[in-house]
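Here the structure comes first, spelled out in structure tokens, and everything after it is commentary.
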């Protein structure tokens, strides 16, 4: 498979024509940095459209996208989903009602009556 010549600064050489990965390994055995740059340029040319930036605001990592993937990992995806859920109106009340029902199932109605909301230092 032949590619168009790429112009990459390689220590005095202005332009190289890319042939195969084996050719580059043999040609630049002494200069690994030049071979690495040529291979990197080829990979970016072929797969550059699949490179994505993580949509989680505090992450920003680069990753190879699969299909419509937006996040670099499951952890980043979960952090965004959890933050979205917590930001919805009525979430704390709904969560508390689930907790009360759980206590009622496990310990009985008498114990569920004594369940109180925890007072957060931030809410005061």
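Taken together, the values in this text are just the output of simple stated rules run on the coordinates, not laboratory data. In this text, all values refer to a predicted model and were calculated from it rather than measured experimentally.
Using just the alpha carbons, could you tell me how many Å³ per residue the convex hull of the range 28-124 encloses?
In the range 28-124, the Cα hull volume divided by residue count equals 199 Å³.
Please give the contour-minus-distance gain from residue 68 to residue 47: 0.36 nm per residue of separation, less the Cα-Cα distance, rounded to one decimal in nm.
Details: separation 21, 0.36 × 21 = 7.56 nm, distance 1.51 nm.
Gain on extension, residue 68 to residue 47, equals 6.1 nm.
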Q. Hey, what D do you get for the range 67-124 in µm²/s if you plug the Kirkwood alpha-carbon radius into Stokes-Einstein at 37 °C and 0.692 mPa s?
A. 232
Q: Mind checking the full-extension length gain between residue 79 and residue 105? Use 0.36 nm per residue of separation minus the Cα-Cα distance, one decimal, nm.
A: 6.4 nm
